[in-house]
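Scroll down for the structure; my scribbles are underneath it.
Just so it is clear, none of the values below were taken in a lab; they were calculated from the coordinates. In this text the structure is predicted, and so the values were computed from the model without any measurement. Heads up, the Cβs are rebuilt from the backbone with ideal geometry, glycines too, and the neighbour counts pull from every protein chain shown.
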Amino acid sequence: MPLEDEFCDILKKARIGQGLSVADVSARAGVSIGDVAAWERGEPVRDRAAVLALAKALRLRDEPLAQIALDQWEPVAQDQPEWIQPVHGSIGGYGVHGYIVHDHGEAVVIDTAYNAPAMIEALEARKLRLVGICLTHGHADHAEGIDRLLEHREVPVYLGSNDVELLAWRPRADRLTAPRDGQCVRVGNRTIHCLATPGHTSGGICYRVDDLSQPVCFVGDTLFAGSIGRSNPSELYMTHLNSVSQRVLALEPNYRLLPGHGPATTVAEERNHNPFAVVR
């Protein structure tokens with residue numbers, strides 16, 4: 001699976017997040033305005049010195065940026081733990097991932113993948129009893145279809161309080177829960193830990209499962225392999241970087257990171273290869 005973000009996407013996210021114009025980046029990096037604009041449009045860059053200069057101008061990690069721009073870096077493919085079933089959907093042709101965590105006949109949906117029918121079909125095929133819906137954030141590609149899932153079975157819906165206004169359809173108040181940072185959600189004998197990670201949205205949450213052999217964190221759009229989601233609004237950019245570096249990448253290196261778009265990755269891979277990651 002190709003990376004969710006290309007070099008052009010990374011440039012735009014870093015520039016807009018810092019409130020910079022193309023001219024600002026050009027002046028800081030010592031490259032022409034025309035080149036910066038062309039690279040943001042997706043035209044290939046072949047000059048390593050220019051990539052490193054752009055990294056410095058945008059306060060990104062230079063070697064990871066060069067690996068993506070010039071070396072076609074991709075994360076090592078990750079096997080899916082047997083207790084997780086991915087569900088895929090698309091919105092206008094744009095692919096999105098959701099997941100079902102199941103154990104001892106119970107299941108929790110983590111994001112809807114904009115594909116509630118496939119979620120319900122998977123639950124029924126495995127004869128799983130839905131016990132909760134955990135949303136990483138309130139954008140439609142991750143939350144649309146919760147009404148269909150609640151028709152299938154009424155369960156709690158977990159979502160950061162600041163993201164409720166993003167929902168196109170809202171559950172009844174008694175079904176909607178804003179989890180505390182560190183709150184636990186049980187599914188069978190497994191525990192899902194809620195991890196507050198504002199940045200992509202102000203109410204963003206990641207969900208961590210501390211399996212002894214295959215620990216996992218569902219990161220939504222907080223992090224992509226080699227990148228991050230768009231900070232929305234852009235004023236959340238520094239908060240977003242802090243959530244990535246101090247929360248997600250503070251996990252042990254062997255944690256699998258399962259995003260809402262693009263390939264799975266690991267904490268170790270992102271510490272080494274993500275241009276946005278500041279590892280302290």
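Numbers for the structure displayed
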{"quantity": "Relative compactness, segment 7-70, computed as alpha-carbon Rg over 2.2 N^0.38 Å", "calculated": "0.94"}
{"quantity": "Scattering curve values for the chain, log₁₀ I(q)/I(0), Debye with Cα scatterers, q = 0.13, 0.14, 0.15 Å⁻¹", "calculated": "-0.83, -0.95, -1.06"}
{"quantity": "In segment 201-274, the trypsin sites (Lys or Arg not before Pro) that fall in loop regions by DSSP, at most 13 other Cβ within 10 Å", "calculated": "none"}
{"quantity": "Cα-based Rg of segment 170-280 normalised by 2.2 N^0.38 Å, two decimals", "calculated": "1.06"}
{"quantity": "Cross-link partners of LYS56 among lysines (Cα-Cα below 29 Å; sequence separation of 8 or more within a chain)", "calculated": "LYS12, LYS13"}
{"quantity": "Percentage relative contact order, the chain, counting C-alpha pairs under 8 Å, at least six apart", "calculated": "18 percent"}
{"quantity": "Rounded to 5, the percent of DSSP beta bridges in the chain classed as antiparallel", "calculated": "70 percent"}
{"quantity": "Separation of the ALA23 and GLU82 label points, Cα + 7 Å toward Cβ, nm", "calculated": "6.2 nm"}
{"quantity": "Degrees between helix 7-17 axis and first principal axis of the chain (Cα, 0 to 90, nearest 10)", "calculated": "90 degrees"}
{"quantity": "Segment 7-70 - charge dipole about Cα centre, Lys and Arg +1 at Cβ, Asp and Glu -1, debye rounded to 20", "calculated": "160 debye"}
{"quantity": "Exposure proxy ranking, count of Cβ atoms within 10 Å, fewest first, for ILE91, ILE100, ILE110", "calculated": "ILE91, ILE100, ILE110"}
{"quantity": "Net length gained if the chain between ASP47 and ILE91 were fully extended (0.36 nm per residue, minus Cα distance)", "calculated": "12.3 nm"}
{"quantity": "Nearest-20 debye value, segment 84-273 charge dipole, Cβ charges on Lys, Arg, Asp, Glu", "calculated": "260 debye"}
{"quantity": "Spin-label proximity, ASP147 to segment 160-178 - amide N less than 20 Å from point 7 Å beyond Cα toward beta carbon", "calculated": "163-177"}
